[in-house]
Every structure is written in structure tokens, then in C-alpha cells.
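The values are calculated or read from the model by the stated rules, or taken from the named source; none is laboratory data. Predicted, not measured: the structure shown is a model, and the values here were computed from it. Counting neighbours? That spans all protein chains shown, and the Cβs are built from the backbone with ideal geometry, glycine included.
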Amino acid sequence: MNTPESNLEPWQWPEEHWRKLVNRVRAGRKLRPAEWPAGARCAVALSFDSDHETSDLRDGGKSIGRLAWGQYGNRVGVPRILKLLEKHGVKASFYVPAVTALLHPDEQRRVVAEGHEIGIHGWIHELNSILPREAERDLMNRSADTLEQITGIRPVGLRTPSWDFSQHTLELEKEMGLLYDSSLMSDEDCYELLLDGEPTGVVEFPVEWVRDDAVYFMMNRFQSLRPYTPPNDVFDIFRREFDAAYDEGGVFQLTMHPHIIGYRSRVWIIDEIIRHAKSRRGVWFGTHAEVVDWAKQHAA
């Protein structure tokens with residue numbers, strides 16, 4: 001929409017305009033409970049974004065190579081991760097684009113059958129911020145419907161693809177009656193989201209790039225994108241994040257991708273993080289929905 005401000009440079013904006021932008025979606029009350037279930041000191045929530053082939057499809061890509069990389073997430077990554085989680089008796093959350101679910105419905109049914117959570121992750125991993133409001137609304141609802149039809153369970157949480165959050169996303173999440181979002185970064189604890197200064201009842205389970213495997217391992221040679229951090233260093237970063245969360249009595253959250261973390265030389269990071277967390281007294285593992293529900297009901 002064309003407004004007088006759209007013809008101005010940001011440094012020319014009137015205060016009313018930039019305050020309105022900043023205050024559209026803000027962090028409200030912090031939701032750190034006095035203790036976690038069974039008197040635990042710290043909560044651990046592992047998550048996996050099952051982007052698979054949609055990583056390329058969403059940009060109109062037709063690269064057979066990149067589509068094959070996405071298929072690796074289904075053929076190797078997810079089964080390897082599920083086997084590891086079963087070994088440790090740990091439940092996790094999987095965020096699944098609807099197109100991924102339609103391509104690999106048996107994967108989603110297995111994830112749910114093994115006690116894990118499935119959350120909304122867009123239709124085809126689209127970017128919300130470039131969508132018209134009604135298109136975003138349609139895709140969010142169709143995505144939730146698709147996941148429910150395939151798994152038999154209505155998802156209660158949403159993680160926007162690429163954590164791309166539009167001016168309308170929170171309003172639509174509230175309209176859908178979602179319990180939580182997991183796309184924003186205003187805190188390390190869960191917090192209630194405010195829309196234009198008003199509490200929404202929607203809880204944010206914050207993410208952060210420092211706790212995401214993609215920034216350390218993702219590569220696209222055609223875009224000169226070749227970051228690479230040795231797995232030992234990534235484990236050290238994740239471990240230090242957990243240790244600090246434990247010391248504070250907070251929550252430790254990770255975002256990972258089956259087609260990235262699922263390789264033999266990397267999947268051990270998850271194994272060792274779980275072992276390390278279990279070596280400390282009073283650690284509770286929960287899905288994102290479980291952590292959010294507990295935090296919302298027991299916030300100090």
C-alpha cells in the first residue's frame with residue numbers, strides 16, 4: 001500500500017510511523033516457570049524443520065541435484081534422527097511444510113506415531129513477508145488442514161519458513177487459535193506476544209540463529225554460500241547454550257534440519273547434546289507444545 005511514508009527515507013520517517021512499525025509485534029510478559037515438570041531445573045526442546053524438497057521448490061527451483069538433497073532428508077535424515085530419539089526416549093517437534101507432508105505422508109505418520117509433535121511450517125516454504133494478507137491466511141489454513149488430514153492431529157504451533165514473519169502473521173495465528181509461534185527472537189524464555197500493544201494469548205517459543213545448524217553447515221555453491229564450522233565447534237556452541245540455560249533455570253531450544261544435521265559426521269552432535277543434558281540433574285525433555293503449555297500455565 002502506498003503511503004506518504006513509503007516515499008521517504010527511513011531517517012525521514014515521523015516518530016509515529018516508526019513507532020507503529022516497532023510496536024506491531026512485541027514481546028509481552030516473560031513466561032519462565034519457577035520449575036519444570038517433576039521439579040526439573042531446565043527444559044530441553046529439540047526441533048527439526050523437515051524442509052526437504054521445498055527448500056528449492058519455494059524459489060521456483062528445478063535443480064535435480066537440490067531436490068535430491070531434499071529427498072535425503074526423508075530417506076536418511078529423518079529415519080536416522082527418529083532412531084536416535086527413540087534410543088534416548090526423547091520427544092521432539094518437527095515443523096513440516098504442507099508440500100513436504102504431501103510428498104512424504106508416511107514420514108509424518110511415523111513421526112506422530114512415535115510420539116513427536118508436528119507443527120505448521122508453511123505451504124511450500126514460502127516467505128510470509130512478501131505475501132498479500134489473504135494469500136498468507138489461505139496458505140496457513142490449508143497447511144494446517146493438510147497436516148491434520150495426513151496425521152489425524154491438528155497442529156497447535158507454527159514456525160514461519162525461514163523465520164520470515166509478516167505484519168499479518170500474528171493476527172492470523174490468533175485467528176486460527178494457535179497455542180504458540182516459534183519464529184521470533186526477543187528473548188530466550190517463552191513469552192506472550194503483543195499485537196499493537198495488546199496481549200494475544202499466543203506464546204512465542206523463541207529461536208535464534210546461534211542455535212540453528214543451517215548457519216554453520218548450509219552450502220549453496222551457486223550463491224557463493226560456503227560457511228563451514230567443524231562439527232566439534234558446533235557441538236561446543238550448543239553445549240555452552242545448554243549449560244547457560246541450565247544455570248539460569250530456563251529452556252534450551254535447538255532448530256535443526258534433517259537434510260543438514262542428518263549426516264554421519266554431524267548427527268552425533270544431537271546424540272552428545274542429549275547425553276550431556278541427561279548427565280545433569282533435573283533436566284526435562286519436552287516437545288515445543290509441551291514446553292509452551294507448561295510455561296503458560298506455571299509462569300512465575
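Worth pointing out:
- Qualifying positions in the range 123-142 - more than 17 Å from the chain's Cα centre (by Cα) and either on the phi > 0 side of the Ramachandran plot or not in a helix (DSSP H, G or I) (or both): Leu131, Pro132
- Any chance Glu175 is in a helix (DSSP H, G or I), over 30 Å from Glu114 (Cβ atoms) and touching a His at 6+ places or on another chain (Cβ under 8 Å): no
- Residue selected from the range 31-53 under the condition outside any strand (DSSP E or B) and either on the phi > 0 side of the Ramachandran plot or among the hydrophobic types (A, V, I, L, M, F, W, C) (or both), by the criterion nearest to the chain's Cα centre (by Cα): His52
- Sub-6 Å Cβ pairs linking a first residue in the range 12-32 that is closer than 12 Å to Asp196 by Cβ and in contact (Cβ under 8 Å) with a residue 24 or more places away in the chain to a second residue that is among the aliphatic types (A, V, I, L, M) and in a helix (DSSP H, G or I), at least 6 apart or interchain, are Val25/Leu170, ordered by first then second residue.
- Of note, Pro155 satisfies the criterion of being crowded, with 22+ Cβ neighbours inside 10 Å and in contact with a Gly (Cβ under 7 Å, 6 or more places away or on another chain).
- Wholly within the range 54-122, helices (runs of 4 or more DSSP H) carrying at least 2 residues that are aromatic (Phe, Trp, Tyr): 64-72
- Whenever a residue of the range 109-126 is free of Cβ contacts under 8 Å to residues at least 12 places away in the same chain, it has no partner that is of a type in the set (D, E, K, R) and not in a loop (DSSP other than H, G, I, E, B) lying with C-beta atoms less than 7 angstrom away and at least six residues away or across chains.
- Total residues in the range 117-139, condition in contact with a Phe, Trp or Tyr (Cβ under 8 Å, 6 or more places away or on another chain) and crowded, with 22+ Cβ neighbours inside 10 Å: 6
- Taking the range 209-220 as the range and being crowded, with 16+ Cβ neighbours inside 10 Å and either among the hydrophobic types (A, V, I, L, M, F, W, C) or part of a loop (DSSP other than H, G, I, E, B) (or both) as the test, the residues that pass are Asp213, Ala214, Phe217, Met218.
- Pro199 fulfils the conditions (1) assigned to a strand (DSSP E or B); (2) within 21 Å of Gly119 (Cβ to Cβ) except for a single criterion, (2).
- Looking across the range 55-76, just one residue is surrounded by fewer than 16 Cβ atoms within 10 Å (Cβ to Cβ) and acidic (Asp, Glu), and that is Asp59.
- Some residue of the range 233-253 being more than 19 Å from the chain's Cα centre (by Cα), surrounded by 14 or more Cβ atoms within 10 Å (Cβ to Cβ) and in a loop (DSSP other than H, G, I, E, B): yes
- The sole residue among Ser224, Ser265, Ser279 that is polar (S, T, N, Q), over 25 Å from His121 (Cα atoms), out of contact with any helix residue (DSSP H, G or I) (no Cβ under 9 Å at 6 or more places or on another chain) and modelled with pLDDT of 95 or more is Ser279.
- Screening the range 254-300 for residues that are in a helix (DSSP H, G or I) and aromatic (Phe, Trp, Tyr) and picking the one that is nearest to Val112 (Cα to Cα) gives Trp294.
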